[in-house]
Amino acid sequence: MERTGAQMIVEALRLEKVDTVFGYPGGAVIPIFDALYDARDIRVVLTRHEQAAVHAADGYARVTGKVGVCIATSGPGATNTVTGLATARFDSVPLVCITGQVSTAMIGNDAFQEADTVGITQPVTKHNYLVTKRENLAEVLRKSFFLAASGRPGPIVVDVPKDVQNEVREDVYPESVAIKGYKPVGRADPEDLRTLADALAKAERPLFFLGGGLVIANAAEAFRKLMGATGAPAVTSLMGIGVVDTQNPLNLGMLGMHGSITANKALSSCDLLVGLGVRFDDRATGDVARFAPRAKIAHADIDPSSIGRNLEVDIPVLGDLRTVLDDLLPLLPAAGRLGPWLAEIEEYKKLEKSFASREVKDPQGLPSPREVLATMRDVFPDSVVATEVGQNQMWAAQEILFSTPRHWLTSGGLGTMGYGFPAGMGAQAANPDKPVVVVAGDGSFQMNIQELATCVQEGLPVVVLVLNNGYLGMVRQWQELFYKRRYSSTCSQAQASCPRGCNTPGEHCPPYMPDFAGIAKAYGALGFKTETLAQLRDAALAARESGRPAVIDCRISREANVWPIVPPGKGRFSLTRRIQ
């Protein structure tokens, strides 16, 4: 069948079972959007910024497990995708980003809206292509979807010049693909599995460390069987939240800088740490010389470059986690021999409860972040939760309960402010009947606030909770703890009339700025301002019942901090105090 390159792109989307794409049109991709005009089986969500389009495709991919797709034009459209691509690359999210390019004859001539998209995006993608010949387009698209989803997933860029989009040719979309030198890992070496099983049989204090790789591999259910068989407890990375039910007594919580006291103390005491789909990044390990000091370390992952990169591993297991866990299960000893270890962990939990009871009330009567999130948790149980980055992200990770994976969306590796709202938007497009709540800070929400227009236009009832403390909260917290309270450029209420060097927020401060509720209403969404838990509950209930996009501007204690905290580069419990 004869078709243009643009029509071939749409046919590829259809054959890859893509039902939703996110994008922003421009001169170099008009042919693609023209072809999509007649594709009634593919929903096109018009975002208001290309970065948001990538984040939305990312959120769609994380909740569905499918490849997310976004489209951007050449030059500035393509360069605007870089942050979203880097975010997806860090967190191993399967994406295909299709960008337009100037006609092949103009490449390299500094043509209008020309940029070296392949060169710019190469460091932040799993792979990328510049398609200079129409006859290669179908094969490149097939390879791109295969690469995005196989092995360790990641984003792929396909840069298509405008003349290639317009050229008519008779071709067929390939049914299979073979890429020379690319062989995704499958089953692990049986000997490595036996070594790991033997270590688990001998360990008196085993501890599992669960990462996002388990979510990506759809291996959560397999791990739950493994946990049941061993009776061993687990800690999670930020990305591993949801693999095990938050309320399971064997789930000790998140590890690392802002992890739970129980998780971090268990790490310091275990004699075998089994990392599954984790990167052992610096936020989790702190000082690697003091990380799990008594433990033999095992690491199972699909990416060979991740094993042993950040710390020495005693038992490496290379393989797809779904098959690793299935093959490991029959080799394991029966549960029931870890009583002393579990009793020790119960003492850690008591210590954690004693710290939680020391929270000091805000002098102005504003609710604490924990109280706010508990209220939202009650009103929106079993919702998809996306977060921005900073204090809001850590509070959400600590307080919100999850019983299943793919309900927690956050930028773990790159730490991208502006991620959460468009990612939540993409999740809502994928699950129109599922409540989606975005937990944001007053700083990060403004990074992509324009996507309120997309939510209103597309009928996506995302609820944004702004934990508004009038600061860039996490930076301010570090300034308080490590820079002698020198609040430099972190107060979002500061005006020219304010005294230079002010670090004493109070009733003398200027009004909060901006008016998030007013902005939401200007876009056609619902907007609420709350300063009490009663007001918050009423606003949340109204937002839930409305079926419309909503923003809840919730004022919280201005100098609330995320506790506990392990200072960067330190070992466990260098700082665990809680103040408000």
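Distance check, please: which entries in LYS353/LYS521; LYS126/LYS265; LYS133/LYS183; LYS296/LYS350; LYS17/LYS162; LYS225/LYS350 exceed 31 angstrom between their Cα atoms?
Numbers: LYS353/LYS521 41 Å; LYS126/LYS265 36 Å; LYS133/LYS183 26 Å; LYS296/LYS350 27 Å; LYS17/LYS162 25 Å; LYS225/LYS350 27 Å.
Result: LYS353/LYS521; LYS126/LYS265 exceed 31 Å.
Divide, for the stretch 443-524, the radius of gyration over alpha carbons by 2.2 N^0.38 Å, where N is the residue count.
Computed over Cα atoms of the stretch 443-524, the ratio equals 1.32.
If you line up the Cα atoms of the stretch 2-170 on their principal axes, what length do they span on each, largest first, in Å?
Cα spread of the stretch 2-170 along its principal axes, largest to smallest: 38, 33, 30 Å.
Given R₀ = 25 Å, FRET efficiency for LYS202-LEU342 by Cβ-Cβ distance, to 0.05?
On the way: r = 17 Å, r/R0 = 0.69.
Calculated transfer efficiency: 0.90.
In nm, to one decimal, how far is the modelled label at ARG194 from the one at ASN218, with both set 7 Å along Cα→Cβ?
3.1 nm
Where in the stretch 45-67 does the amide nitrogen come within less than 17 Å of the point 7 Å from the Cα of TYR173, taken along Cα to Cβ?
66-67
DSSP beta bridges in the stretch 363-555, what fraction antiparallel, as a percent rounded to 5?
5 percent
How large is the helix-only mean residue ellipticity at 222 nm for the chain, computed as the sum of -39500 (n - 2.57) over DSSP H runs with n ≥ 4, divided by its residue count, in deg cm²/dmol to the nearest 500?
Helices in the chain give a 222 nm mean residue ellipticity of -10500 deg cm²/dmol.
State, to one decimal in nm, how far the label point of LYS434 lies from the label point of SER488, with both points 7 Å from Cα in the Cβ direction.
So the two model labels end up 4.3 nm from each other.
Extending each Cα 7 Å along its Cβ direction at SER103 and SER354, get the distance between those two points in nm, one decimal.
7.7 nm
Indicate, rounded to the nearest 5 percent, the antiparallel portion of the DSSP beta bridges found entirely in the chain.
5 percent
Take each of the peptides 82-90, 296-304, 136-144, average the number of other beta-carbon atoms within 10 Å over its residues, and list them starting from the highest.
82-90, 296-304, 136-144
Could you give the Stokes-Einstein D for the stretch 190-354 in µm² per second, using the C-alpha Kirkwood radius, 4 °C, 1.567 mPa s?
This corresponds to a translational diffusion coefficient of 84 µm²/s.
Based on the Cβ-Cβ distance from ARG309 to GLU2, what FRET efficiency comes out when R0 is 30 Å, to the nearest 0.05? The partial results should precede the final answer.
Details: r = 49 Å, r/R0 = 1.63.
Approximately 0.05, to the nearest 0.05.
Which order results if THR47, THR236 are arranged by neighbouring Cβ count within 10 Å, fewest first?
Fewest to most other Cβ atoms nearby, the residues stand as THR47, THR236.
Using θ = phi - 60° and the Karplus curve 6.51 cos²θ - 1.76 cosθ + 1.60, what whole-Hz ³J(HN,Hα) does each residue of the stretch 38-54 get, with Gly and Pro shown as x?
9, 8, 5, 8, 10, 7, 10, 9, 7, 7, 9, 7, 5, 4, 5, 4, 5
Which percent, to the nearest 5, of DSSP beta bridges fully inside the stretch 2-170 are antiparallel? Write down the numbers at each step before the final one.
Working: 3 of 25 bridges.
If I count the DSSP bridges inside the stretch 2-170, around 10 percent turn out antiparallel.
Coordinate-derived values only; no laboratory data. Note that the coordinates shown come from a computational prediction; the quantities given were computed from them, not determined experimentally. Glycine gets a Cβ as well: all are built from the backbone with ideal geometry, and neighbour counts include every protein chain shown.
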